[in-house]
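Visitor: Attaching a single structure in structure tokens format; questions to follow.
The values are calculated or read from the model by the stated rules, or taken from the named source; none is laboratory data. Here the structure is a predicted model, which is why all the values come from computation and not from measurement. With ideal geometry, Cβ positions are generated from the backbone for all residues, glycine too; neighbour counts draw on all protein chains shown.
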Amino acid sequence: MKLKIKRPLTVYFRFILMLLSFSLPFVFSNAAYDNMISEGHYFWFLYFIVIFLLMIYFLVKTNYYELINAKIYDEKLLYYNLLFLKREIKLKEIKGYKNGVDENSNEFFTIYDNRNRKIATLKESLYSNLAEFLEALNCERIGYENTAFHKIILRIKSFFQ
């Protein structure tokens, strides 16, 4: 069984955007030398570089956990991370999945292995046959996944209780 992507252009666009984002700190450094560094605005220069690096981190993290060209073949899950890193995991090693809702009200499923490591995040808005694919994995629901925003809210809530 193969996991089908609803809009493949979205995946490729995000991947190209991720690759282009690697050049932002270098382009910014060359352009900012005349205006920021030479005039002593080191704090602002560092501020923008940190923002660019955080953006690169989030784009790589988001794209790394997407399952691209995933298929179940011969009791194994075959998939690609970042469109070129081929991965393979036996279905017996998959512990289960957690489901959740992100900040954009999109439902997602996160698959974990036996060592409780995240394998992939499957967004319902991105894949067309997600329910059948999860059923073919023969894995069970092991809980609810909180996003980073939900975790912050829960910490604030527990602080006041």
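Visitor: State the number of residues belonging to the range 105-135 that are without any contact (Cβ under 8 Å) to a residue 12 or more places away in the chain and within 20 Å of Pro8 (Cβ to Cβ).
Guide: Of the residues in the range 105-135, 1 are without any contact (Cβ under 8 Å) to a residue 12 or more places away in the chain and within 20 Å of Pro8 (Cβ to Cβ).
Visitor: Applying the selection to the range 88-104, what residues are touching a residue at least 24 places away in the same chain (Cβ under 8 Å) and either among the basic types (Lys, Arg) or loosely packed, with under 13 Cβ neighbours inside 10 Å (or both)?
Guide: Within the range 88-104, Lys95, Lys98, Glu103 qualify.
Visitor: In the range 57-77, what residues are hydrophobic (A, V, I, L, M, F, W, C), surrounded by 17 or more Cβ atoms within 10 Å (Cβ to Cβ) and part of a helix (DSSP H, G or I)?
Guide: Answer for the range 57-77, where residues must be hydrophobic (A, V, I, L, M, F, W, C), surrounded by 17 or more Cβ atoms within 10 Å (Cβ to Cβ) and part of a helix (DSSP H, G or I): just Leu59.
Visitor: List the pairs whose first member sits in the range 1-20 and is under 18 Å from Asn129 (Cβ atoms), whose second member is part of a loop (DSSP other than H, G, I, E, B) and modelled with pLDDT of 80 or more, and whose Cβ atoms are under 6 Å apart, counting only residues at least 6 apart or on separate chains?
Guide: Partner pairs satisfying both residue conditions: Lys4/Ser128; Lys4/Asn129; Lys6/Ser128.
Visitor: Looking at Asn116, is it among the polar types (S, T, N, Q), outside any loop (DSSP other than H, G, I, E, B), farther than 15 Å from Met1 by Cβ and over 14 Å from the mean Cα position of the chain (by Cα)?
Guide: No; evaluated as a whole, the condition is false for this residue.
Visitor: Where residues in the range 14-58 are closer than 30 Å to Leu82 by Cα and among the polar types (S, T, N, Q), which of them is farthest from the chain's Cα centre (by Cα)?
Guide: If we take residues in the range 14-58 being closer than 30 Å to Leu82 by Cα and among the polar types (S, T, N, Q), then Asn30 is farthest from the chain's Cα centre (by Cα).
Visitor: OK, next. Considering only the range 134-161, how many residues are out of contact with any strand residue (DSSP E or B) (no Cβ under 7 Å at 6 or more places or on another chain) and either surrounded by 13 or more Cβ atoms within 10 Å (Cβ to Cβ) or assigned to a helix (DSSP H, G or I) (or both)?
Guide: Here the count works out to 13.
Visitor: In the range 10-26, is there at least one residue being in contact with a Leu (Cβ under 9 Å, 6 or more places away or on another chain), of a type in the set (Phe, Trp, Tyr) and surrounded by 15 or more Cβ atoms within 10 Å (Cβ to Cβ)?
Guide: Yes: one or more hits.
Visitor: List every residue pair whose Cβ atoms lie under 6 Å apart, where the two residues are 6 or more positions apart in sequence or sit on different chains, the first residue falls within the range 143-161 and is touching a residue at least 24 places away in the same chain (Cβ under 8 Å), and the second residue, located anywhere, is in a loop (DSSP other than H, G, I, E, B).
Guide: Thr147/Asp102; Phe149/Glu103
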